[in-house]
Amino acid sequence: MELIVEGTVREVCQVKGCWMVVSSEENGEEPVMVRFKDYGFFVPKDIAYRKVVMEGWAFREVTPVEELRHYAEDAGKTREEIEAITEPKDELKFLASGVFLPEE
């Protein structure tokens, strides 16, 4: 079942805008890694801290160390921050079929 959710962008892939991390306005909610269905679209790389409305599917998945390091590199993290990633991460993810950026 597709969901419609909204949140605030915390990070965006700085290589081509092919993923983003979004957090909820609810306190204590974990941030969500968002990717785009079939790589059919990307988001602007400069939308950190903007509100977004997304349509798609939420799921949990374990992300392997190599993938986490790849995302950290795409986000522009330092070599030290990347090398500090040594454990896989069980995280909430969202596969977006659409993303809307409301006017600011």
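Quick look at the numbers
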| item | result |
| --- | --- |
| Residue check, Glu103 of a type outside the set (Lys, Arg), farther than 24 Å from Met1 by Cβ, at pLDDT below 95 and not assigned by TED's automatic domain parsing to the domain that holds Glu2 | yes |
| Tally of residues being small (Gly, Ala, Ser) and touching a residue at least 40 places away in the same chain (Cβ under 8 Å) across segment 41-73 | 2 |
| Leading residue by the ranking (surrounded by the most Cβ atoms within 10 Å (Cβ to Cβ)) among those in segment 31-46 that are in a loop (DSSP other than H, G, I, E, B) and hydrophobic (A, V, I, L, M, F, W, C) | Val43 |
| Hits in segment 21-30 - residues which are out of contact with any Gly (no Cβ under 6 Å at 6 or more places or on another chain) and touching a residue at least 40 places away in the same chain (Cβ under 8 Å) | Glu30 |
| So Glu80, is it outside the structural domain of Val12 (by TED's automatic domain parsing), out of contact with any Asp or Glu (no Cβ under 6 Å at 6 or more places or on another chain), over 16 Å from Leu92 (Cβ atoms) and charged (D, E, K, R) | yes |
| Criterion violated by Lys51 - all others in (1) in the same structural domain as Val5 (by TED's automatic domain parsing); (2) exposed (fewer than 15 other Cβ atoms within 10 Å of the Cβ); (3) among the basic types (Lys, Arg) satisfied | (2) |
| The one condition in (1) in a loop (DSSP other than H, G, I, E, B); (2) surrounded by 14 or more Cβ atoms within 10 Å (Cβ to Cβ); (3) of a type outside the set (Phe, Trp, Tyr) that Gly28 fails to fulfil | (2) |
| Selected residue [under 21 Å from Phe41 (Cα atoms) and either charged (D, E, K, R) or surrounded by 15 or more Cβ atoms within 10 Å (Cβ to Cβ) (or both)] from Phe100, Phe94, Phe59 | Phe94 |
| Test: residue in segment 58-80 that is hydroxyl-bearing (Ser, Thr, Tyr) and within 13 Å of the chain's Cα centre (by Cα) | yes |
| Hey, Phe36 in the same structural domain as Glu6 (by TED's automatic domain parsing) and under 12 Å from the mean Cα position of the chain (by Cα) or not | yes |
| Scope segment 52-86; condition assigned to a loop (DSSP other than H, G, I, E, B) and in contact with a helix residue (DSSP H, G or I) (Cβ under 6 Å, 6 or more places away or on another chain); matching residues | Ile85 |
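The values are calculated or read from the model by the stated rules, or taken from the named source; none is laboratory data. Remember, it's a predicted structure, so these values are computed and weren't measured experimentally. Neighbour counts run over all protein chains shown; Cβ positions are idealised from the backbone, glycine included.
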